[in-house]
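The values are calculated or read from the model by the stated rules, or taken from the named source; none is laboratory data. Computed from a predicted model, the values in this text were never measured in an experiment. Please note: Cβ atoms are built from the backbone with ideal geometry, for glycine as well, and neighbour counts cover all protein chains shown.
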There are 4 protein chains.
Amino acid sequence: MHEPDFTLSAGPTMSSLRVQQAQGRPMIFDYDPVFQERFRETERLVAELFQTTKDVVLMQGEAVLGIEAAARGVVTPGLKCLNLVSGVYAKWFGAWLRDYGAEVIELEVPYDEALDPAQVREELERHGDFALVALVHSETPSGVENPLAEIGPMAKDAGALMFADVVSAVGGTELLTDEWGVDIAIGGPQKCLAGPPGMSLCVISEDAWAAIERNPNAPRGSFLSLLDWRDTWIKGGRVKYPYTPSVSDVNGVHAAVGECLDDGLDEVIARHATAARACREGVKAMGLELWPRSEDYAAHCVTAVRCPEGAEVKPTLAHIRERYGVMLSGGYGELTERLFRLGHMGPGARSLYPVVAVSAFGRGLLDLGVDVDLAAGVEATLGVLSERHEVVAT
Amino acid sequence: MHEPDFTLSAGPTMSSLRVQQAQGRPMIFDYDPVFQERFRETERLVAELFQTTKDVVLMQGEAVLGIEAAARGVVTPGLKCLNLVSGVYAKWFGAWLRDYGAEVIELEVPYDEALDPAQVREELERHGDFALVALVHSETPSGVENPLAEIGPMAKDAGALMFADVVSAVGGTELLTDEWGVDIAIGGPQKCLAGPPGMSLCVISEDAWAAIERNPNAPRGSFLSLLDWRDTWIKGGRVKYPYTPSVSDVNGVHAAVGECLDDGLDEVIARHATAARACREGVKAMGLELWPRSEDYAAHCVTAVRCPEGAEVKPTLAHIRERYGVMLSGGYGELTERLFRLGHMGPGARSLYPVVAVSAFGRGLLDLGVDVDLAAGVEATLGVLSERHEVVAT
Amino acid sequence: MHEPDFTLSAGPTMSSLRVQQAQGRPMIFDYDPVFQERFRETERLVAELFQTTKDVVLMQGEAVLGIEAAARGVVTPGLKCLNLVSGVYAKWFGAWLRDYGAEVIELEVPYDEALDPAQVREELERHGDFALVALVHSETPSGVENPLAEIGPMAKDAGALMFADVVSAVGGTELLTDEWGVDIAIGGPQKCLAGPPGMSLCVISEDAWAAIERNPNAPRGSFLSLLDWRDTWIKGGRVKYPYTPSVSDVNGVHAAVGECLDDGLDEVIARHATAARACREGVKAMGLELWPRSEDYAAHCVTAVRCPEGAEVKPTLAHIRERYGVMLSGGYGELTERLFRLGHMGPGARSLYPVVAVSAFGRGLLDLGVDVDLAAGVEATLGVLSERHEVVAT
Amino acid sequence: MHEPDFTLSAGPTMSSLRVQQAQGRPMIFDYDPVFQERFRETERLVAELFQTTKDVVLMQGEAVLGIEAAARGVVTPGLKCLNLVSGVYAKWFGAWLRDYGAEVIELEVPYDEALDPAQVREELERHGDFALVALVHSETPSGVENPLAEIGPMAKDAGALMFADVVSAVGGTELLTDEWGVDIAIGGPQKCLAGPPGMSLCVISEDAWAAIERNPNAPRGSFLSLLDWRDTWIKGGRVKYPYTPSVSDVNGVHAAVGECLDDGLDEVIARHATAARACREGVKAMGLELWPRSEDYAAHCVTAVRCPEGAEVKPTLAHIRERYGVMLSGGYGELTERLFRLGHMGPGARSLYPVVAVSAFGRGLLDLGVDVDLAAGVEATLGVLSERHEVVAT
């Protein structure tokens, strides 16, 4: 089978030439002065991306590693946590919290809705003593974005540590880590940044560090340890790693974040918003139903679509991949069979990639006997893309 | 300005990963044994591609170099030539023939039509003593393909050398160099093969070599000399070059031709035919007019479309490039302002690239006030692509 | 500062073109069928490399992750372990075992010596009831190789699980995982395989799996969990990952192991042995002292050299890097200031790279006032390299 | 056979990562605005490199194309030319001049000597009416550099056009095109610039253009035509090419020249000078004889060494390539069997590459029974390299 022509999945997603060339550089020693400076610079770029002055820790391993490391770091037996759930990932996070001994209160909304700040406020007030509030900023499995901008400050005001999984949010939607009072933010390079999946981009506040240091169960001398990074790398003057970084992934993240900032973060976010809207309009015009109940909280990274009557997710995806060379995604976890996801991240949010996604999706459904208005769909997608800027020529 | 997201031009066109990686290999000495063997293997691959057992000469320089070299090689003052003209390139070739002193009879059809074998036969019979018959197999500037399969044998039977410019034909449409009696065929790597433009792929028959050797004006000791390649490289046992080959372009051509043959020449040609048909159906459904009078002879490499009333070629292309990141082509030579060309060559003939071309083109025209039925166009394009193979899944 | 011209360090080390190009491929979705097949094929290649029919688990994270995962997986409180120590890494491993609650007996030799199988046998017999025996096959920090071939079967006979850290051994020296009775072997791609550092190559026997499954403390639902990989990936038919693999690192490991096997494992091992011997002869001829007491157990991956009187490790390395563009390594852990290490791994074990290492090292010492016989050193290195095969030409 | 580990030949030679990555970029349309701007920028960079404000023409084809194009452009039947010969290339150039009908006076010195400005002055004065003076700045086949700085102004003062083949000089040794009165300078990207071989870097003065325009035999409408480039590209405002440029080679030259200028031309030239001196000292210390009679005019690009008694060039090179993976060069043309050439160009002039060249050469000769003092040679080479800058560390 041939490599895919288009990877418009839920991530890892298609990378830019700059990222590819960075990943393909000759391998060098992690203690080479050039590499060490590049590692430090990557931290600085990530801080700029997260709009934070807090410590950045680059752990080697996909973002789940950073999330686990942070959760194990702060949770002590009996720690009172408010886990805000609007999707699969948040649900899993709650299970982890309980595993580590936390007392978990869960505020859950259906997975096709976003969290409601008013409800969160109510919950915070009802209990008044949460040590940790956690949410997933952008639920990749269902394409729903949560109002971290409103919830973050509430949690902070309530005296809790604010934990945000921003894996598929960072680089695709607004994220003001410091202004919003986020103590722990874990991003992933393989979503809107379109970099390699092998790294966790962790931001840790002083309050969070203090909690981790107080916690006797926090991982120490472990690949899961944030403290090892703080003690060996940060406190040691950023010259000695506790673990060998993945040289090519650091090169890739350096390039991905650098490109995002060079293009301009606002411009990049606008590009993701437009691509998402173009896909949504296309999908609706074809007569399909978006997964999120309201477009107000549809994510910028992927467009989730309810699997229409008569269709099956897996065979449809396989058919689209085989016939058209386009890789889209289905649901994830308990939603696996219930929805499709069209990715529009990184380079995939540029140019006519949304047309490719909508065309492949619509035509694939048609091939398999699902009645969609393909022409209207593609036209609607192109309509949004054409609005992007004024006409310049003639 | 950002690099284009999609290069769907008349060539050079988007290359495959295999070609890119070949081009990006470390430079090595042209006399390195590994490179020399790769050069020889490239010749063998090119021979297989052209379906010939004749000599292959790889000259360093875009195909115009090979065409000029061959023409200067065979033309002596007063040589009687039949130049078959259905487009810009053939017209230019005739001018060259005259420059070199040939007596040129030209059989010309309008540039939106293909040559008619019956007319050619008539012309051959009327004169009976042509030393050279020349045509352009696929006229890239106007997207018209000529019936070399029928004309080649006629010329051969008439005792003439058959010269074919197959620059944009090879690798995209059927080409049986030996079976069709072609004496001189010059291909380009940057069209359907989607390789680098820096090389002329020349096939030279024994009859052609004899003519060149007899010709006192044939270039010798010159970058334009085919004889230098024969004497130094071929007769010397393929160990010594008359001129330094462009190492990375040889790597690129090796990869491009290798990939074409590995995919299967028939499969690759079918892919180009389908992509071309998809574009034509899309363009027609949008209400636009194809440049070729009949689709029977529409080329596989590019789809040429008449510039519609009210549109201008250059500003439209500039707008599409700027707004959508898609690079299409206009006309060439005297046709520059009269038509658009959508390329579908190499990887651009795969997957949904024709949808990208048609979408960008149609939406771009719409943006500039030209009334086209964009939805119908994209639907028609997708309709053709969906027919490609039977439905496999479900 | 410029990138290094030569990376001849203790790893990560210089990679081949094939690895670089694999790392630089476009990113694709981890559930793309092409990627999934590549992932499975990488497992098969790794199995061939380790000469094993046991399960291979590819964890995303440098080899320390696999080592920690395996140790946490098998160790239960009170588990009786024999930790064989001849260097820094084994010492650290013992600390981990104790952290996880094991009862650890340590057999330690000076760090410039290898383990003695007779002593190990004695220790095994004295206790008779070890559940786990652990060693480091090749101690990268000190360039010492231990006799796993002899110790492995003893441990197995004694009824213990045999754990081997083969991070810098695999691909550079003989390793017969199954024949030697190794239950858990953890390799690293960034040493003799010259791939990316971001992955742990884990081999797990049925006995080891059984121990892990019995262990209530074995990581589950964790980035550190081998069981997650077994349950989700292996038992699920190798279609679903518990964690997102690092796409480019998988590509890189696939290429690195593939290249090793294509070149021929015996040939590759012989190449490392020769390069190591060439470096040792060069170092000795310069009048310096090897770190290992006997060359019988000098490692194939790096040549460790005692820091001579009057020299300091860090400034010397910095000078060599700055003046000559060559990156060598110093010691590690408690040996940091006591030795230098010249790497000869992967492509660095080919051609004249040992000459580059010895030249840079010797000349750098001279520059800083250390008296070495540079000429004799380089001559000796070249002498070994010239013996490699018989003279072929003339 | 494996690719070479080291390409230290007379060119094409090893390229830098920056050049490789530029060559490996996706192919784009030559009329894409990004490419057109890159093409124009390449011209500006080349002008800076040549220190000229004259027109730069980038012809597609190795430098021989530019040399032939310029010679055919200026030579009219009977044109009186002074051809200054100190090597193979200049000799060939004279033959070309005669072929084109010039009246050629040749001032020739033995091929192991450089031209003598006093003799040139004498010759100029004796005739007084040369229309063209020609020399090869750096004779790659024999490693001899000629005093263009002195001869150029003389020729200019004498009213002649000054033609300089600077193929292997540019980027490796001082070249002040304008200050030295050079009218036509043709450089090659594959020597000291370590770029791809597929391009001629031509500088043409107004006087030279005037001569070409006056010449009825100057190529027009030909791949060999400088006028086509002037009329179509330059006069047309640099938007239309007469011939399709080789996209990847333009990318490669852009990168190669850009890197040279970014590193600093003076620094790059000094690097070549040092590497050349290091090789010469090494060769002499081994007891071998340099080809140039005096080191005063030994070239910066390659070190030419007389083939010692008892050795044969070809088998020695084959042995070195096979055993050590190092590609060196022999002589060229009539010197083929008489000398060896060690290249030190581009990245090959950095770091310890001269040590690799000298080691491979010396050890290879030893292997084949030639008595050389290898140890002394390598020591001498390293001695020069260590002098480069003061000791920084400790």
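Only residues that are touching a residue at least 60 places away in the same chain (Cβ under 8 Å), outside any loop (DSSP other than H, G, I, E, B) and over 15 Å from D:Val305 (Cβ atoms) were counted across region D:140-152, and they come to 2. Restricting attention to region D:56-86 and to residues that are more than 14 Å from chain B (Cβ to nearest Cβ) and under 22 Å from D:Leu175 (Cα atoms), the residue that is surrounded by the most Cβ atoms within 10 Å (Cβ to Cβ) turns out to be D:Leu84.
Which one is surrounded by the most Cβ atoms within 10 Å (Cβ to Cβ), of the residues in region B:329-359 that are small (Gly, Ala, Ser), facing another protein chain (nearest Cβ under 8 Å) and over 17 Å from B:Ala285 (Cα atoms)? Outline the logic, then answer.
Here is the first cut: in region B:329-359, the residues small (Gly, Ala, Ser) are B:329-331, B:333, B:343, B:346, B:348-349, B:351, B:357, B:359.
Keeping just the survivors that are facing another protein chain (nearest Cβ under 8 Å) gives B:329, B:351, B:359.
Those still in the list that are over 17 Å from B:Ala285 (Cα atoms) too: B:329, B:351.
Numbers: B:Ser329: 24, B:Ser351: 22.
Restricting to residues being small (Gly, Ala, Ser), facing another protein chain (nearest Cβ under 8 Å) and over 17 Å from B:Ala285 (Cα atoms), the top hit is B:Ser329.
Quick one: is B:Pro308 within 7 Å of chain A (Cβ to nearest Cβ), surrounded by fewer than 17 Cβ atoms within 10 Å (Cβ to Cβ), in contact (Cβ under 8 Å) with a residue 24 or more places away in the chain and not β-branched (Val, Ile, Thr)? Spell out how you get there, then give the answer.
Working: within 7 Å of chain A (Cβ to nearest Cβ): no; surrounded by fewer than 17 Cβ atoms within 10 Å (Cβ to Cβ): yes; in contact (Cβ under 8 Å) with a residue 24 or more places away in the chain: yes; not β-branched (Val, Ile, Thr): yes.
Answer is no for this residue.
Just one of the listed residues (A:Glu43, A:Glu48, A:Glu37) is within 14 Å of another protein chain (Cβ to nearest Cβ) and of a type in the set (Asp, Glu), namely A:Glu37.
Set side by side, the residues C:Val133, C:Val182, C:Val170 differ, and just one is within 11 Å of the chain's Cα centre (by Cα) and of a type in the set (Val, Ile, Thr), which is C:Val170. Among the residues of region C:36-60, the ones that are out of contact with any Asp or Glu (no Cβ under 9 Å at 6 or more places or on another chain) and under 21 Å from A:Phe223 (Cα atoms) come to 1 in all. For D:Ala95, the requirement of being at pLDDT 95 or above, touching a Cys at 6+ places or on another chain (Cβ under 9 Å) and either of a type in the set (Gly, Ala, Ser) or surrounded by fewer than 21 Cβ atoms within 10 Å (Cβ to Cβ) (or both) is not met. With the condition kept exactly as written, say whether any residue in region A:100-107 is touching a residue at least 24 places away in the same chain (Cβ under 8 Å) and within 18 Å of the chain's Cα centre (by Cα). For region A:100-107, residues touching a residue at least 24 places away in the same chain (Cβ under 8 Å) and within 18 Å of the chain's Cα centre (by Cα): absent. Quick one: would you say A:Ser386 is of a type in the set (S, T, N, Q), facing another protein chain (nearest Cβ under 7 Å), buried (at least 17 other Cβ atoms within 10 Å of the Cβ) and assigned to a loop (DSSP other than H, G, I, E, B)? Taking the combined requirement at face value, the residue does not satisfy it.
Just checking, does region A:156-165 include any residue being of a type in the set (A, V, I, L, M), assigned to a loop (DSSP other than H, G, I, E, B) and more than 22 Å from A:Asp262 (Cα to Cα)?
Of region A:156-165, the ones of a type in the set (A, V, I, L, M) are A:158, A:160-162, A:164.
Subset that is assigned to a loop (DSSP other than H, G, I, E, B): A:158, A:160.
If we keep only those that are more than 22 Å from A:Asp262 (Cα to Cα) as well, we get A:158, A:160.
Yes; the residues of region A:156-165 include at least one that is of a type in the set (A, V, I, L, M), assigned to a loop (DSSP other than H, G, I, E, B) and more than 22 Å from A:Asp262 (Cα to Cα).
Can you say whether A:Thr303 is buried (at least 24 other Cβ atoms within 10 Å of the Cβ) and more than 11 Å from chain B (Cβ to nearest Cβ), as far as the supplied structure shows? So A:Thr303 passes the test. Are any residues in region C:213-257 in a helix (DSSP H, G or I), in contact with a helix residue (DSSP H, G or I) (Cβ under 8 Å, 6 or more places away or on another chain) and surrounded by fewer than 18 Cβ atoms within 10 Å (Cβ to Cβ), and if so, which ones? C:Glu213 - this is the single residue of region C:213-257 that is in a helix (DSSP H, G or I), in contact with a helix residue (DSSP H, G or I) (Cβ under 8 Å, 6 or more places away or on another chain) and surrounded by fewer than 18 Cβ atoms within 10 Å (Cβ to Cβ).
Looking only at region D:175-218, count every residue that is among the acidic types (Asp, Glu) and over 28 Å from D:Gly346 (Cα atoms) and tell me the total. Going through region D:175-218 one residue at a time, the tally reaches 3. Residues in region D:202-217 that are aliphatic (A, V, I, L, M) and over 23 Å from the mean Cα position of the chain (by Cα): D:Ala210, D:Ala211, D:Ile212. Just checking, does region C:184-204 include any residue being surrounded by fewer than 24 Cβ atoms within 10 Å (Cβ to Cβ) and at pLDDT 95 or above? Scanning region C:184-204 turns up no residue that is surrounded by fewer than 24 Cβ atoms within 10 Å (Cβ to Cβ) and at pLDDT 95 or above.
Select from region C:289-325 the residues that are outside any helix (DSSP H, G or I) and hydroxyl-bearing (Ser, Thr, Tyr) and write down the one among them that is nearest to C:Ala357 (Cα to Cα). This residue is C:Thr303. Checking each residue in region C:21-48 for being within 26 Å of the chain's Cα centre (by Cα) and surrounded by 24 or more Cβ atoms within 10 Å (Cβ to Cβ) picks out C:Ala22, C:Gln23, C:Gly24, C:Thr42, C:Val46. Taking each residue of region C:251-278 that is of a type outside the set (Asp, Glu) and looking for partners that are surrounded by fewer than 21 Cβ atoms within 10 Å (Cβ to Cβ) and modelled with pLDDT under 95 with beta-carbon atoms closer than 8 Å, six or more apart or interchain, yields C:Thr274/C:Arg388.
Test each condition in (1) of a type outside the set (Asp, Glu); (2) in contact (Cβ under 8 Å) with a residue 12 or more places away in the chain; (3) within 14 Å of another protein chain (Cβ to nearest Cβ) for B:Arg220 and report the one that comes out false. Failing condition for B:Arg220: (2).
Inside region B:96-135, can you point out the residues that are assigned to a loop (DSSP other than H, G, I, E, B), in contact with a Pro (Cβ under 9 Å, 6 or more places away or on another chain) and on the phi < 0 side of the Ramachandran plot? The answer is B:Tyr100, B:Ala102, B:Tyr111, B:Asp112, B:Glu113, B:Ala114, B:Leu115, B:Asp116. If you go through region B:327-378 and keep only what is in a helix (DSSP H, G or I) and among the aromatic types (Phe, Trp, Tyr), you end up with B:Tyr353, B:Phe361.
Of all residues in region A:1-30, which are outside any loop (DSSP other than H, G, I, E, B) and either facing chain C (nearest Cβ under 7 Å) or farther than 18 Å from C:Pro245 by Cα (or both)? Can you show your working first?
Our first condition is that a residue be outside any loop (DSSP other than H, G, I, E, B); within region A:1-30, this holds for A:6-7, A:17-23.
Scanning region A:1-30 gives A:Phe6, A:Thr7, A:Leu17, A:Arg18, A:Gln20, A:Gln21, A:Ala22, A:Gln23.
In the condition set (1) within 19 Å of D:Ile184 (Cβ to Cβ); (2) among the β-branched types (Val, Ile, Thr); (3) out of contact with any Lys or Arg (no Cβ under 7 Å at 6 or more places or on another chain), D:Val85 is compliant with all but (3). On the basis of being buried (at least 22 other Cβ atoms within 10 Å of the Cβ) and either more than 10 Å from chain C (Cβ to nearest Cβ) or charged (D, E, K, R) (or both), does A:Thr53 make the cut? Answer is no for this residue. For region B:313-326, the condition holds for at least one residue, the condition being that it is surrounded by fewer than 24 Cβ atoms within 10 Å (Cβ to Cβ) and within 30 Å of B:Glu259 (Cα to Cα).
Looking only at region B:332-347, count how many residues are on the phi < 0 side of the Ramachandran plot and over 15 Å from the mean Cα position of the chain (by Cα). Break it down stepwise before answering.
Applying the first criterion (on the phi < 0 side of the Ramachandran plot) to region B:332-347 yields B:332, B:334-345, B:347.
Imposing the further condition that a residue be over 15 Å from the mean Cα position of the chain (by Cα) reduces the set to B:334-340, B:347.
So the answer is 8.
Filter region C:325-361 for residues that are of a type in the set (Phe, Trp, Tyr) and in contact (Cβ under 8 Å) with a residue 60 or more places away in the chain; which is farthest from C:Val167 (Cα to Cα)?
Selected residue: C:Phe361.
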